[in-house]
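The values are calculated or read from the model by the stated rules, or taken from the named source; none is laboratory data. Worth saying up front: this structure is predicted, and the values here are computed from it rather than measured. We place every Cβ from the backbone using ideal geometry, glycine too, and count neighbours over all the protein chains shown. Side chains included, ligands, DNA and RNA excluded: accessible areas come from the protein's heavy atoms. Shrake-Rupley method; radii C 1.70, N 1.55, O 1.52, S 1.80 Å.
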Amino acid sequence: MSKKASRVFGLDVLRAVAVLLVLVGHSSTHQYPPRWFSWFWGAQGTLGVELFYVLSGFLIGHILIRSARSGRLHGAAAVWDFWERRWARTLPLYFFFVLLYLRFDYLGVGDLGKDYPFLFFMQNFAWPQLPFFQHSWSLAVEEWFYFLFPLVFLWFCSNERAYRWPLLGTCAFFIVGPLLVRMAVAHNVQDWSAFDANIRGVVICRLDSIFIGVLLAVIKLEWQAFYARLRWLFPLALLFLVGMMFYLAYGLPGLMQHDWIKVLFLPGLSVVIAVLIPTMEQLPSFGWKPMDAFFTYTSKISYSLYLGHICMITLLESCMEKLGVRAAPGWSTWAFYALLFVAYYLFATLTYLFVERPYIALRDARMGHSDVRSGEVAVTLPVGQQVNHA
């Protein structure tokens, strides 16, 4: 299977939109953008992260489900194989940026003596994020998902051939569990800052959003007719999502007045995003090659873009301060944003080429990239097709 054939364009678009929402959201809090711009786009980073979560659950869910169906998730060796593949993909770049942000974090120089929990993804496990490398909180949620899913799946397994009910049991465990945790803490959260620190950014409160994506993958692979019917809901889900963008921009009115909204808001948003995926998965192209290439490339380097963009904000603003250059409302702020996005893409390209991709190539050379344990392959295989593991 060629690399080109292994990509799903519509999912690339979703991943690209997710990282762009984060980049624009974080950028808009700097310099002097028009009020309308910072008001609307400054709030959309939240939506970008939720897109990442559901899409990650859907994609990694394919790996886990196909592995379970083929009997490759039923023992310690199989679980270790999954972890090794995931960690070879995610950890090298993450640790590179941990070291980089120790010197160039937006909040100042870090201290590994205090920030060592970041080496174990414990910076926000059941408590607010430590004040360092702040956008890494979402990576911690992802890594705990990778670690815990196969363990809980094995716990639910009654025999080596079982997979459907253990998968559903695992999804239920990780959807209900965070729900109960949020119910326990919601009454103590009285404003967005507290919600962001104690619910949105805490691992044990957020795993359900990823598992909503996993559940969608289960539906696709096990109940194909129902999955196909979800495409009829795409216009409604898209309209709801646009409305949600304005709800975020208006500061989430009513969220803090009702505990049940605090508990259900984020998983509800995840369900809406999940409903978009069956239709987006069928999108072949925008019909304009430059736009297709932009979204595909943005998706390819999205991990590097996400981890590295704060470093570029810090660097550019520091250079401006040393040179005595100040942006002002109007064209100079837009010029700052244009330069910032060029820096985002250049730096992400470099880290992708010289940090991220070499480790991906090493992993694939050592472990292979042609079976159900490999992400793109697991998604693009026709439903029901198995891969020869000989």
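What the table shows:
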| item | result |
| --- | --- |
| Within segment 72-86, tally of residues that are touching a Leu at 6+ places or on another chain (Cβ under 9 Å), open to solvent by less than 20 Å² (accessible area, probe 1.4 Å) and assigned to a helix (DSSP H, G or I) | 2 |
| Set 98, 79, 54: member being modelled with pLDDT of 90 or more, within 20 Å of residue 210 (Cβ to Cβ) and over 17 Å from the mean Cα position of the chain (by Cα) | 79 |
| Any hit, segment 87-104, residues being β-branched (Val, Ile, Thr), touching a Gly at 6+ places or on another chain (Cβ under 6 Å) and either part of a helix (DSSP H, G or I) or open to solvent by less than 30 Å² (accessible area, probe 1.4 Å) (or both) | no |
| Matching residues, segment 19-40, being free of Cβ contacts under 8 Å to residues at least 60 places away in the same chain, touching a Gly at 6+ places or on another chain (Cβ under 7 Å) and open to solvent by 50 Å² or more (accessible area, probe 1.4 Å) | 29 |
| Members of segment 116-134 that are in a helix (DSSP H, G or I) and touching a Gly at 6+ places or on another chain (Cβ under 9 Å) | 118, 134 |
| Breaking point among (1) modelled with pLDDT of 90 or more; (2) open to solvent by less than 30 Å² (accessible area, probe 1.4 Å), for residue 68 | (1) |
